[in-house]
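The values are calculated or read from the model by the stated rules, or taken from the named source; none is laboratory data. What you are looking at is a predicted structure, and each value in this text was computed from that prediction instead of being measured. Please note: Cβ atoms are built from the backbone with ideal geometry, for glycine as well, and neighbour counts cover all protein chains shown. All accessible areas refer to the heavy atoms of the entire protein, side chains included, with ligands and DNA or RNA removed. Shrake-Rupley method; radii C 1.70, N 1.55, O 1.52, S 1.80 Å.
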Amino acid sequence: MQESSGVPDVFDPRIYAAGIPHDRFRALRDRAPVAWQEEAGILGWPAGSGFWAVTRHADVVRALKDSRTYSSCLGATQIRDPDPADLPFIRRMMLNQDPPEHGRLRRLVSRAFTPGRIERFGATARERARQLLAGAIDAGGEVDLVRAVTDDYALLNLTDLLGVPPSDRGLLHTWTERVIAYQDPDEPPVLDAEGRPVNPRSPAMLAEMFGYAQELAAHKRERPADDIMSVLATSELADAELEMFFFLLTVAGNDTVRSAAPGGLLALAEHPGEQRRLWSGEVDIDTAVDELLRVHPPVLSFRRTAATDTELAGQAMRRGDKVVVFHASANHDERVFPDPHRLDLGRTPNPHVSFGDGPHVCLGAHFARLQLRVLHEEVRRACPGGLELTGPPRRLVSNFINGIKSLPVRLREPSAPRA
């Protein structure tokens with residue numbers, strides 16, 4: 001609890017190592033749906049100015065849709081304030097822009113995410129899922145599903161879509177870890193000359209990735225293929241815009257599925273009755289995927305900045321205040337989802353906000369859903385005897401990404417008896 005106000009703390013990244021803090025979010029939704037949060041110095045990072053935590057579904061949707069009032073550009077979209085010197089650089093990314101600039105870039109890139117291109121990758125994703133699951137079963141069926149299946153599944157699908165050569169795929173994993181896991185003690189921090197941690201989104205930390213993006217784009221102009229980078233390399237994007245898109249697609253494109261896939265499988269393992277409903281075909285696979293996304297959103301929160309003095313849920317805010325929407329809380333709001341902590345793979349309607357809402361709704365949501373649907377179908381096919389936990393999962397220390405670092409399971413083939 002935050003001692004000064006008695007308001008539950010939902011900022012500290014260490015809280016999320018034990019899972020989504022549902023009790024804290026419910027207390028906020030019920031008593032203070034827009035609540036001030038202190039931003040203490042934690043894990044080597046300095047204290048910040050504090051922010052408003054938005055936890056009810058209706059208020060989260062309102063903030064996400066109203067980009068004039070709640071800006072993605074003024075202070076970017078991470079809770080921690082970037083170095084003021086880095087802010088112009090960070091604003092080059094579509095994620096950190098407001099309309100109309102955001103719309104121009106989104107239209108350019110959306111041309112690459114054609115339904116036909118994405119569906120063609122479906123067959124490749126299915127074959128990859130089969131190979132990874134077969135390897136896990138051949139290894140004895142008791143595996144860390146993250147290491148054996150889901151990490152590679154997400155990364156290799158993304159590199160196929162982008163058109164990254166197989167020999168370079170490890171680079172994307174390294175860069176993603178650096179950006180996503182920077183709050184986690186297992187990821188050694190990069191320190192500056194004064195011993196302070198360096199923002200992983202700063203120009204210095206992204207120079208290597210950006211240099212690679214330009215080399216890959218030059219290669220695609222000479223030898224275009226049916227991939228996203230070939231489209232972007234021959235588009236009207238400026239060099240700096242192309243670099244930022246490569247960063248965004250690499251990190252967001254990888255980690256959305258990388259987080260959602262093991263999270264959904266964990267939910268199935270924890271709810272054997274719902275798992276049996278899915279395995280038997282009683283529930284539609286697409287409906288089930290959306291429910292698994294609701295209970296385990298890949299992104300926990302996103303920051304906006306108040307562009308003007310305003311009011312949300314009766315709470316006055318000043319221009320420049322940080323406003324953080326919590327997807328994980330909105331997805332469990334009792335005002336929208338009956339019995340929200342019950343996994344119901346047949347739940348409909350299901351207006352979760354796991355892919356956001358408004359102008360910044362996830363550009364790759366269709367691609368992510370496709371991968372998740374294929375993976376769940378192939379898990380069902382490969383181990384009809386069920387999916388069973390053999391130990392507790394290990395979660396990422398982060399107040400941004402709802403990551404799972406380890407998921408020990410037993411994959412049961414038809415002949416495997418239940419313990």
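General remarks:
- Karplus 3J(HN,Hα) series, Hz, for segment 318-331 with 6.51 cos²θ - 1.76 cosθ + 1.60 (x for Gly, Pro): 9, 3, x, 5, 7, 10, 10, 8, 10, 4, 5, 7, 4, 5
- For Glu127 and Asp284, the difference between the fully extended length at 0.36 nm per residue and the C-alpha to C-alpha distance is 54.4 nm.
- 5 Å-binned pair-distance histogram of segment 1-113 (Cα, whole percent): 2, 10, 16, 18, 18, 15, 11, 7, 2, 0
- Stretch gain in nm, segment Thr308-Ile15, where the contour uses 0.36 nm per residue and the Cα spacing is subtracted: 102.3 nm
- Potential lengthening of the chain between Thr234 and Asp339 amounts to 32.9 nm, from the contour at 0.36 nm per residue minus the alpha-carbon distance.
- Carbon plus sulfur fraction of accessible area for the chain, probe 1.4 Å, in percent: 51 percent
- Probe 1.4 Å, protein heavy atoms only - accessible area per residue of the chain in square angstrom: 41 Å²
- Distant alpha-carbon pairs in segment 327-389 (separation over 14 angstrom), percent: 70 percent
- For Arg304, residues with placed amide H under 5 Å, excluding near neighbours: Val323, Val324, Val325
- Amide H to amide H distances under 5 Å link Lys405 with Arg394, Arg395, Leu396, where only residues 5 or more positions off or on other chains count and H is placed in the peptide plane.
- Compactness of segment 248-404 as Cα Rg over 2.2 N^0.38 Å, two decimals: 1.13
- Note on the chain: with charges restricted to the Cβ of Lys and Arg (+1) and Asp and Glu (-1), its dipole about the Cα centre is near 740 debye.
- For the chain, with +1 on Lys and Arg beta carbons and -1 on Asp and Glu, the positive-most of Ala316, Phe302, Ser110 along the dipole: Ser110
- Applied to segment 119-126, the Karplus parametrisation 6.51 cos²θ - 1.76 cosθ + 1.60 on θ = phi - 60° returns per-residue 3J(HN,Hα) values of 5, 4, 6, x, 5, 5, 4, 5 Hz, with x for Gly and Pro.
- Debye-sum result for segment 284-323 in log10 I(q)/I(0), which assumes one identical scatterer on each alpha carbon, at q = 0.23, 0.30 Å⁻¹: -0.72, -0.95
- Each residue of segment 69-82 was assigned a 3J(HN,Hα) from its phi angle through the Karplus expression (A = 6.51, B = -1.76, C = 1.60, θ = phi - 60°), giving 8, 10, 8, 8, 8, 4, x, 6, 10, 9, 4, 5, 5, x Hz with x at Gly and Pro.
- Over all orientations, segment 123-210 has a Cα convex hull whose mean projected area works out to 7.3 square nanometres.
- Whole-angstrom gap from segment 186-231 to segment 280-323, using each part's C-alpha centre: 28 Å
- Segment 312-419 - charge dipole about Cα centre, Lys and Arg +1 at Cβ, Asp and Glu -1, debye rounded to 20: 280 debye
- Peptides 211-220, 75-84 ordered by packing proxy, namely the average of other Cβ atoms within 10 Å per residue, highest first: 75-84, 211-220.
- Among Gly141, Pro200, Leu172 - extreme Cα towards positive end, dipole of segment 136-201, charges at beta-carbon: Pro200
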